[in-house]
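The values are calculated or read from the model by the stated rules, or taken from the named source; none is laboratory data. What you are looking at is a predicted structure, and each value in this text was computed from that prediction instead of being measured. Here the Cβ positions follow ideal geometry from the backbone for every residue, glycine too, while neighbour counts run over all protein chains shown.
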Amino acid sequence: MSRSAIRRRSVSKAATATDKHILHLHRAMAGKLLAEPWRITDIRQTLERRYQAGQLKHSGYIHWNSILDCIDQPELFLSALLDNGERMCKLRRRTVLVGILTEPERLALLSETPE
């Protein structure tokens, strides 16, 4: 096996592990958002700021807005936010769901092995 093939495989494994941790964090953030829906206002402000600053493409902006619009439908909200598709994995890597978890909560979740 070539070095580049080995490197791609290890990068792929690392990316998969990172995505699992990010998904694990998003499960916790989703639970908190559903329990405290007033936080959506702050999330929408973050989304708007990033979009206006050019840090988020229009398609990502629309996608995040669509997910946030589902907050009153928990099953749909969770399904959309925790989708394992490539698009959602990419969006979660640059999430707008900031400031939801405390640092101790985040560190505790990161120390766990995600499913």
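So here's what we get for this one:
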| read-out | value |
| --- | --- |
| Residue in the range 73-93 that is more than 18 Å from residue 22 (Cβ to Cβ), outside any loop (DSSP other than H, G, I, E, B) and either touching a residue at least 60 places away in the same chain (Cβ under 8 Å) or not aliphatic (A, V, I, L, M) (or both) present | yes |
| Selection count where residues are buried (at least 17 other Cβ atoms within 10 Å of the Cβ) and either acidic (Asp, Glu) or in contact (Cβ under 8 Å) with a residue 40 or more places away in the chain (or both), scope the range 57-69 | 0 |
| Evaluation of residue 19 against (1) modelled with pLDDT of 95 or more; (2) charged (D, E, K, R); (3) crowded, with 16+ Cβ neighbours inside 10 Å (one fails), failing number | (1) |
| Qualifying positions in the range 83-108 - aliphatic (A, V, I, L, M) and more than 15 Å from residue 31 (Cα to Cα) | 88, 91, 96, 107, 108 |
| Matching residues in the range 96-115 - criterion: being closer than 19 Å to residue 35 by Cα and outside any helix (DSSP H, G or I) | 96, 97, 98, 99, 100, 101, 102 |
| Qualifying residue in the range 37-49 (condition: touching a helix residue (DSSP H, G or I) at 6+ places or on another chain (Cβ under 7 Å), among the basic types (Lys, Arg), part of a helix (DSSP H, G or I) and surrounded by 13 or more Cβ atoms within 10 Å (Cβ to Cβ)) | yes |
| First in the range 21-50 and basic (Lys, Arg), second anywhere and buried (at least 16 other Cβ atoms within 10 Å of the Cβ) and not in a loop (DSSP other than H, G, I, E, B), Cβ under 7 Å, 6 or more apart | 39/33; 44/68 |
| The range 78-105: number of residues that are surrounded by 12 or more Cβ atoms within 10 Å (Cβ to Cβ) and modelled with pLDDT under 95 | 0 |
